[in-house]
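Below is one structure, written out as structure tokens, with a few remarks after it.
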Amino acid sequence: MDFADTPAEAAFREEVAQWLSEHVVDEFAALGGRGGSGDESFGFEVRREWERVLGSAGWTCLGWPVEYGGRGASIAEQVIFNEEYVRAKAPGRVGVLGEGLLGPTLIHYGTDAQKQRFLPPIVAGDELWCQGYSEPNAGSDLASLKTRAELDGDEWVINGQKVWTSLAHQSDWCFVMCRTDPTSERHQGLSYLLVPMDQPGIEVRPIQQLTDTSEFNEVFFDNARTHVDNVVGAPGDGWKVGLATLAFERGVGLLGHLLSFRREFDAVVAIAQGNGASENPIVRDRLTKAYVELEILRATTLRSLTGVDGPAAAPEASILKLFWSTWHQNFSTLAMDVVGLEAMTTGKDYDLDAEQRAFLFSRSETIYGGSNEIQRNIIGERVLGLPVEPKPTPQGAS
Ligand SMILES: Cc1cc2nc3c(=O)[nH]c(=O)nc-3n(C[C@H](O)[C@H](O)[C@H](O)COP(=O)(O)OP(=O)(O)OC[C@H]3O[C@@H](n4cnc5c(N)ncnc54)[C@H](O)[C@@H]3O)c2cc1C
């Protein structure tokens, strides 16, 4: 497998690098590439403005078809863009959920009117989205969700609660999975609604995290409303649409993720060389092992993205999720060891450094996007042919 750029790809890389070097300046450069996972509140307003700069220059939604405002970019071009983006230390993106999840879902399942209304503001960086799936008793087992919606004239009226809703406090809209057939159970009778966040029926309560920031929230719906036309797919057929969104969750974004891991890795090697930790043969051994694993991860991800099955094909996606989330937790623990006693410094109003943030935030990476246990179930059942997990019994049944 040849990872080298073709002449056309090399020209595209040059174009991206050139544009970024001209635009990642002033307040955008001052962010130093921050604002990624676990650091979402950092410089939010500047990053929101940056999203509009990207949008106006045609650097959002690269993989979308041209007719919807994208560039119809190939996987290789999207990979190149991500690589150069991380290299340029461009600001952490704020429009990821709209671009990566809702947009592709609408392109596949939305009506023409929905596409015309919702896609352009995502491309322009004007409207931000959040994902309203998980509930207090419906996470891994999403089909047990209880948030309900019923029609009242030309509006859906929504009641219930979501939790862990990333960026809800900064979002304009939420795509919400809810039960629209009150007699239904499990995967039946669910609908996928597009709901405006700025209304009296929605209360967003931030959840404070280990990192002392609040990137995710509880969201309470108390007679919240959205127009009857804001249902994606047929009412009651939301499970199919919701699963499609989850499939889009894993894709070229992972490459960008891996590149930021590489940046973290390089920083930790520099710390080890500076503070003498690299003299320790065990540290050297662990760093080398981490490097080899990261290269394996990169090659496997590239192979999966360019493979015949296309991105996100299960169970490859499960193997990658299991591998990268575990790698990052292990590596961020190594980073703490390399930093040494200073890594223990924390307290009220203390600004955590990059290694501390990564160590704390990476705890969540084995949970979101499908926990490691769920990925192991998928691999066990679909790859190894092991016995299928027993399904939960309905409440009250034995
Ligand atoms: C940082 C972060 C951001 C998130 N952002 C969003 C968001 O924007 N929108 C959204 O809707 N949700 C979001 N989530 C929620 C995430 O999707 C859920 O946390 C995840 O699906 C797990 O659900 P749960 O937390 O309810 O845990 P549970 O499903 O209750 O699981 C608890 C434990 O039991 C294990 N377990 C559960 N079922 C099985 C099984 N069948 N076999 C073996 N083990 C099992 C799990 O692995 C886990 O260890 C986010 C979560 C995190 C951590």
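Select from region 341-354 the residues that are open to solvent by 30 Å² or more (accessible area, probe 1.4 Å) and assigned to a helix (DSSP H, G or I) and write down the one among them that is farthest from the ligand (Cβ to nearest atom).
Step one: filter region 341-354 for residues open to solvent by 30 Å² or more (accessible area, probe 1.4 Å), giving 341-342, 344-351, 353-354.
Going one step further and asking which of them are assigned to a helix (DSSP H, G or I), we end up with 341-342, 344, 354.
Details: Leu341: 28, Glu342: 26, Met344: 24, Ala354: 18 Å.
Among residues in region 341-354 that are open to solvent by 30 Å² or more (accessible area, probe 1.4 Å) and assigned to a helix (DSSP H, G or I), the one farthest from the ligand (Cβ to nearest atom) is Leu341.
When you check Gln188 against the structure, is it more than 8 Å from the ligand (Cβ to nearest atom) and more than 26 Å from the chain's Cα centre (by Cα), yes or no?
Criteria met by Gln188.
What are the residue pairs meeting all of these: first residue in region 366-382, first residue more than 6 Å from the ligand (Cβ to nearest atom) and open to solvent by 30 Å² or more (accessible area, probe 1.4 Å), second residue β-branched (Val, Ile, Thr) and not in a helix (DSSP H, G or I), Cβ atoms under 6 Å, and 6 or more apart or on different chains?
Glu381/Val388
In region 110-182, which strands (runs of 3 or more DSSP E) lie fully inside it and hold 1 or more residues that are over 23 Å from the mean Cα position of the chain (by Cα)?
Where strands (runs of 3 or more DSSP E) fall fully within region 110-182 and carry at least 1 residues being over 23 Å from the mean Cα position of the chain (by Cα), they are 148-152, 155-166, 173-179.
Looking at region 93-111, can you tell me whether even one residue there is of a type in the set (D, E, K, R), closer than 26 Å to Glu365 by Cα and surrounded by 16 or more Cβ atoms within 10 Å (Cβ to Cβ)?
Yes, region 93-111 has at least one match.
May I ask you to verify whether Leu210 is open to solvent by 80 Å² or more (accessible area, probe 1.4 Å) and at pLDDT below 90? First the steps, then the outcome.
Details: open to solvent by 80 Å² or more (accessible area, probe 1.4 Å): yes; at pLDDT below 90: yes.
Taking the combined requirement at face value, the residue satisfies it.
List the residue pairs whose Cβ atoms are under 7 Å apart, where the first residue sits in region 21-38 and is open to solvent by 50 Å² or more (accessible area, probe 1.4 Å), the second is in a helix (DSSP H, G or I) and not hydroxyl-bearing (Ser, Thr, Tyr), and the two are 6 or more positions apart or on different chains.
These pairs meet every condition: His23/Val53; Glu27/Val46; Ser37/Phe361.
For Glu99, are the conditions met, namely being out of contact with any Phe, Trp or Tyr (no Cβ under 7 Å at 6 or more places or on another chain) and not in a loop (DSSP other than H, G, I, E, B)?
Yes; evaluated as a whole, the condition is true for this residue.
Could you check, for region 7-15, whether at least one of its residues is open to solvent by less than 30 Å² (accessible area, probe 1.4 Å) and over 18 Å from Arg93 (Cα atoms)?
yes
In region 141-162, which residue that is charged (D, E, K, R) and touching a Ser or Thr at 6+ places or on another chain (Cβ under 8 Å) is most open to solvent (accessible area, probe 1.4 Å)? First the steps, then the outcome.
Start the filter on region 141-162 by keeping residues that are charged (D, E, K, R), which leaves 141, 146, 148, 150, 152, 154-155, 162.
Right, trim to touching a Ser or Thr at 6+ places or on another chain (Cβ under 8 Å) and you get 148, 150, 155, 162.
Values: Arg148: 136, Glu150: 120, Glu155: 57, Lys162: 1 Å².
Here the answer is Arg148.
Looking at region 234-245, which of its residues are open to solvent by less than 50 Å² (accessible area, probe 1.4 Å) and closer than 14 Å to Pro104 by Cβ?
As a first pass, look at region 234-245 and keep what is open to solvent by less than 50 Å² (accessible area, probe 1.4 Å): 236, 238, 241-242, 244-245.
Within region 234-245, Val241, Gly242, Ala244, Thr245 meet the criteria.
Can you tell me which residue among Thr165, Thr180 is crowded, with 18+ Cβ neighbours inside 10 Å, away from the ligand (no atom under 15 Å from the Cβ) and closer than 26 Å to Asp237 by Cα?
Matching residue, one of Thr165, Thr180: Thr180.
The values are calculated or read from the model by the stated rules, or taken from the named source; none is laboratory data. These numbers come from a predicted model, not from an experiment. Ideal geometry is used to build each Cβ from the backbone, glycine not excepted, and the neighbour counts take in all protein chains shown. Accessible surface is based on the protein model in full, side chains and every heavy atom, while ligands, DNA and RNA are left aside. Shrake-Rupley method; radii C 1.70, N 1.55, O 1.52, S 1.80 Å.
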